[in-house]
Amino acid sequence: MLDVLNTFNFLPIAELEVGNHLYWHIGNLKIHGQVFLVSWFVIALIVGASVLATQNAQRIPSGIQNFMEYALEFLRDLAKSQLGEKEYRPWLPFVGTLFLFIFVSNWSGALIPWKLIELPEGELAAPTNDINTTVALALLTSLAYFYAGFRKRGLGYFAKYIEPTPILLPIAILEDFTKPLSLSFRLFGNILADELVVAVLVLLVPLFVPIPVMMLGLFTSAIQALVFATLAAAYIHEALEGHGEEEHD
Amino acid sequence: MDPLVAAASVLAAALAVGLAAIGPGIGQGNASGQAVEGIARQPEAEGKIRGTLLLTLAFMESLTIYGLVISLVLLFANPFA
């Protein structure tokens, strides 16, 4: 079903280039090249910023070191508010990476004029507007919270499926499928919707009018990155704590 | 594409987004109203309330987005075409 989403090509709306992809063939696999290119760019950007900020660390931070410390503190607060003071440290890298990658990809898709770079097919855009990326991130989150549960409580982790009553077992199992589904669809839908709306508006009025919508897009994509990271942390916390614990907001 | 399938898909896509917008619309209105009430009652908590409100609004928004995804699938990647 996820593959079906690639067949945007035959549509009248294809001038918006929502669905043309730059295909790379590796063996039998058909890979969306533009997603990889922009992902590598995003990864390089994040790694480069981190290296730049840490290679000459000062006691009194300034410039990029200051900025990165601010980002780190933000991520730490985010993880701490979801996972709690005791548990958050080992999960901070995971949650923080999710947030940074999604945030930087969303904003790079909106802020960097990728259109200037001509591709033989398709166009460069935020990697998160491809469902494959978001599904991969969501499945990583699933793996992470299963791992967290097993690590912490061993096979007792499965007790959460029948804990209040065994009647809810099907729903508890269903939850494990709906979590990655909703995570991936939320991110994918939001980013794609943003880019579609901007594309349609640019098609209608090419100048100035789309700017407020682009601003809204920037805002939404930042919030979506925050939501993804928050939810990932909340799921991990739920797996760590088991059922019937207090709800963290 | 069979014209009947095409017509049905377009209608269904419109209905999917339209109906999916009703619930979150009501929910977002409720949440925002309550948040404004909370800020009016306790203006010093504004920052915290706003943060939580934005997060919950994003959650509600995603319900409409699910409808949008369905309609995008119907329009651009119709499995019945």
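Nothing in this text is a laboratory measurement; each read-out follows from the coordinates by a stated rule. Model, not experiment: these values are computed from the prediction. Note that each Cβ is placed from the backbone with ideal geometry, even for glycine, and that neighbours are counted across all protein chains shown.
For chain B, the longest principal axis of the alpha carbon atoms and the long axis of helix B:3-41 meet at an angle near 0°.
Mind pulling the angle between the C-alpha long axis of helix A:169-204 and the longest principal axis of chain A? Nearest 10 degrees, somewhere in 0 to 90. Around 20 degrees separate the two axes. Take every Cα pair under 8 Å whose residues are at least 6 apart in sequence, average their separation, divide by the length of region B:3-76, and the relative contact order is 57 percent. With neighbours defined as other Cβ atoms within 10 Å of a residue's Cβ, the residues A:T54, A:T134 order from fewest to most as A:T54, A:T134.
Taking the number of Cβ atoms within 10 Å of each Cβ as an exposure proxy, the fewest-first ranking of A:F188, B:F80, A:F150, A:F101 is B:F80, A:F150, A:F101, A:F188.
Checking every one of the GluC sites (Glu not before Pro) in region A:157-249 against DSSP loop status and a limit of 12 other Cβ atoms within 10 Å picks out A:E245, A:E246, A:E247. With contributions of -39500 (n - 2.57) from each DSSP H run of at least four residues, the per-residue ellipticity at 222 nm computed over chain A stands at -23500 deg cm²/dmol.
When the charge dipole of the protein assembly as shown is built from unit charges on Cβ atoms (+1 for Lys and Arg, -1 for Asp and Glu) and taken about the Cα centre, the candidate among A:L169, A:V104, A:L155 whose Cα reaches farthest toward its positive end is A:L155. Straight-line cross-link reach from A:K80 at under 30 Å between alpha-carbon atoms covers these lysines, not counting any fewer than eight positions away in the same chain: A:K152, A:K160, A:K179, B:K48. Relative contact order of chain A: what whole-number percent is it, with Cα pairs under 8 angstrom and at least 6 residues apart? Once normalised by length, the contact order is 25 percent.
For the listed peptides A:137-145, B:44-52, a ranking on the average number of other beta carbons within 10 Å per residue, highest first, reads A:137-145, B:44-52. Springs join every pair of Cα atoms under 10 Å in this Gaussian network model of chain A, and among A:V205, A:V35, A:V227 the largest mean-square fluctuation is at A:V205.
Residue order for B:I70, A:I131, fewest other beta carbons within 10 angstrom first, comes to B:I70, A:I131. Around the amide H of A:Y23, modelled in the peptide plane, lie the amide H atoms of A:G33, all under 5 Å away and 5 or more residues distant in sequence or on another chain. How far, in degrees from 0 to 90, does helix B:46-76 lean away from the longest principal axis of the Cα atoms of chain B, to the nearest 10? Approximately 0 degrees, to the nearest ten. Simple point charges give the picture: +1 on the Cβ of Lys and Arg, -1 on the Cβ of Asp and Glu, and for chain A a dipole about the Cα centre of about 580 debye.
Positive-end ranking of A:I191, A:G84, A:S142 along the dipole of chain A, with charges on Cβ about the Cα centre, is headed by A:G84.
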